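Trainee: Below: one structure in structure tokens.
The values are calculated or read from the model by the stated rules, or taken from the named source; none is laboratory data. Quick caveat: nothing in here was measured; it's all calculated off a predicted structure. Here the Cβ positions follow ideal geometry from the backbone for every residue, glycine too, while neighbour counts run over all protein chains shown. What goes into the accessible areas is simple: the full protein's heavy atoms, side chains included, and nothing from ligands, DNA or RNA. Shrake-Rupley method; radii C 1.70, N 1.55, O 1.52, S 1.80 Å.
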Amino acid sequence: MLERIMADNGFPSPLAESRGCRVFQFQSETGEGVMTQYDLFPGVYLMYNDFHMEGYDSAFHTTEDMLCIDYCRQGRMEYPAGPDAYSYVEAGDLKLDRRLEHQGHFTFPLSHYHGITIGFTLPLAVQSLKEWVREFPVDLVRLQEKFCAGRHPRVIHGAPSVDHIFQELYAVPEQIKLPYFRIKVLELLLYLDALEVDGRTEKPYFYKSQVEKVKAAHRLLTEDLERHYTIAELSAHFSIPATALKECFKSVYGQPVNTYMRNLRMDRAALLLRQEPQTSVAEIAGRVGYDSASKFAAVFKEAKGKTPLEYRREGR
């Protein structure tokens, strides 16, 4: 049943398939993504999502009544939050929806996204859970109504115990995977049934015009690391208020502008230190925007825990 739904709704043919497990691969000019799906009960599946790309185009469309739960382990994902508006899933978030707005372009602002999806196809999943677990107290239809009253996703941010439930799914011995997955899905359903909906589900959203300006500012900031721009300069150049620029940038990329750029410069410097052992630290400092080699060394040690020379020596 699930295999037919996936095929009918825009998924590519499985790259590999064996005993209720199938692997799907997505490719674009920016990288690739892999989804590994396990069928748990009729109408219930668990899927690992691993993307190393800036985004991909989804042709997924369903006429089925669904409830899908997405857990973000690492990275970020942009999703529609309304007409011409976007919000962002970050590490530790749960996103619940009915897959009614799951077509179009999906963006991963940090060029990677890792997480887990648990999907239910109603009413088949309702019936199979009744047959597999007698007197199971969670009503999937009621749960769907609780979290997915509208067309757009509901995001739960910072809910206690969520990390505990999902992190344990990343260290499961092969011989017990399927029964263990089933137990964890039941645990998650019990948890969500008891969870009270409150302000944790209210994440800020930003209009498409704001997001486009922030992404343009990001391109400007990252294309030449020798050049520094102030918030005021970016605000004036892209015609966006400074406060909106800072708030939107942090939501899209997960960090304030200055923190993001400092970490990017240190990551680039670390790469150059290893790749170009003959290049002086002073020259590398200049290439990532530091006129002072001593100031660069202090910032690098704070970020990486080692001086530039120590980092280079350990990489040999």
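Trainee: Conditions: (1) under 15 Å from Ala217 (Cα atoms); (2) in a helix (DSSP H, G or I); (3) not aromatic (Phe, Trp, Tyr). Gln255 meets all but one. Number of the miss?
Mentor: Evaluating Gln255 over (1) under 15 Å from Ala217 (Cα atoms); (2) in a helix (DSSP H, G or I); (3) not aromatic (Phe, Trp, Tyr) leaves (2) as the failure.
Trainee: A follow-up question, please. Among the listed residues Arg274, Arg268, which satisfies the condition of being assigned to a helix (DSSP H, G or I), within 14 Å of Glu226 (Cα to Cα), open to solvent by 30 Å² or more (accessible area, probe 1.4 Å) and not acidic (Asp, Glu)? Lay out the reasoning, then the answer.
Mentor: Values: Arg274 fails: within 14 Å of Glu226 (Cα to Cα).
Just a single option satisfies the conditions, and that option is Arg268.
Trainee: Output the residue which, of all residues in region 277-315 that are assigned to a loop (DSSP other than H, G, I, E, B) and over 19 Å from His228 (Cα atoms), is modelled with the lowest pLDDT.
Mentor: Let us first name the residues in region 277-315 that are assigned to a loop (DSSP other than H, G, I, E, B), namely 277-280, 288-292, 305-307, 315.
Checking which are over 19 Å from His228 (Cα atoms) leaves us with 277-280, 305-307, 315.
Working: Pro277: 93, Gln278: 94, Thr279: 96, Ser280: 96, Gly305: 96, Lys306: 95, Thr307: 96, Gly315: 72.
The extreme case among them is Gly315.
Trainee: Is there a residue in region 224-242 that is under 24 Å from the mean Cα position of the chain (by Cα) and under 27 Å from Phe300 (Cα atoms)?
Mentor: no
Trainee: Answer yes if at least one residue in region 217-240 is touching a helix residue (DSSP H, G or I) at 6+ places or on another chain (Cβ under 9 Å), under 26 Å from Arg268 (Cα atoms), part of a helix (DSSP H, G or I) and open to solvent by 50 Å² or more (accessible area, probe 1.4 Å), and no otherwise.
Mentor: yes
Trainee: Which ones in region 69-95 are crowded, with 20+ Cβ neighbours inside 10 Å, within 22 Å of Glu145 (Cα to Cα) and aliphatic (A, V, I, L, M)?
Mentor: Ile69, Val89, Leu94
Residue-wise test of (1) open to solvent by less than 70 Å² (accessible area, probe 1.4 Å); (2) β-branched (Val, Ile, Thr).
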| site | (1), (2) |
| --- | --- |
| Val126 | yes, yes |
| Leu129 | yes, no |
| Asp139 | yes, no |
| Arg142 | no, no |
| Ile156 | yes, yes |
| Asp163 | no, no |
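Trainee: Out of the residues in region 87-136 that are over 22 Å from Asp65 (Cβ atoms) and acidic (Asp, Glu), state the one that is modelled with the lowest pLDDT.
Mentor: Glu135
Trainee: So, one more: Condition test on Tyr205, is it open to solvent by 50 Å² or more (accessible area, probe 1.4 Å) and at pLDDT 95 or above?
Mentor: No; evaluated as a whole, the condition is false for this residue.
Trainee: Return a yes/no flag: does region 49-63 have any residue that is outside any strand (DSSP E or B), touching a Lys or Arg at 6+ places or on another chain (Cβ under 8 Å) and among the acidic types (Asp, Glu). Before the answer, list the steps.
Mentor: Initial filter on region 49-63 (outside any strand (DSSP E or B)): 53-54, 59-63.
Checking the rest, the ones that are also touching a Lys or Arg at 6+ places or on another chain (Cβ under 8 Å) come to 60, 62.
Remaining after also requiring among the acidic types (Asp, Glu): none.
Within region 49-63 (the criterion being outside any strand (DSSP E or B), touching a Lys or Arg at 6+ places or on another chain (Cβ under 8 Å) and among the acidic types (Asp, Glu)), the answer is no, since none of the residues qualifies.
Trainee: Would you mind stating whether Lys146 is out of contact with any strand residue (DSSP E or B) (no Cβ under 7 Å at 6 or more places or on another chain), closer than 14 Å to Ile69 by Cβ, open to solvent by 10 Å² or more (accessible area, probe 1.4 Å) and at pLDDT 90 or above?
Mentor: When the stated conditions are applied, Lys146 passes them.
Trainee: Within region 253-267, identify whether any single residue is of a type in the set (Gly, Ala, Ser), out of contact with any helix residue (DSSP H, G or I) (no Cβ under 7 Å at 6 or more places or on another chain) and under 22 Å from Tyr86 (Cα atoms), and answer yes or no.
Mentor: Yes, some residue in region 253-267 is of a type in the set (Gly, Ala, Ser), out of contact with any helix residue (DSSP H, G or I) (no Cβ under 7 Å at 6 or more places or on another chain) and under 22 Å from Tyr86 (Cα atoms).
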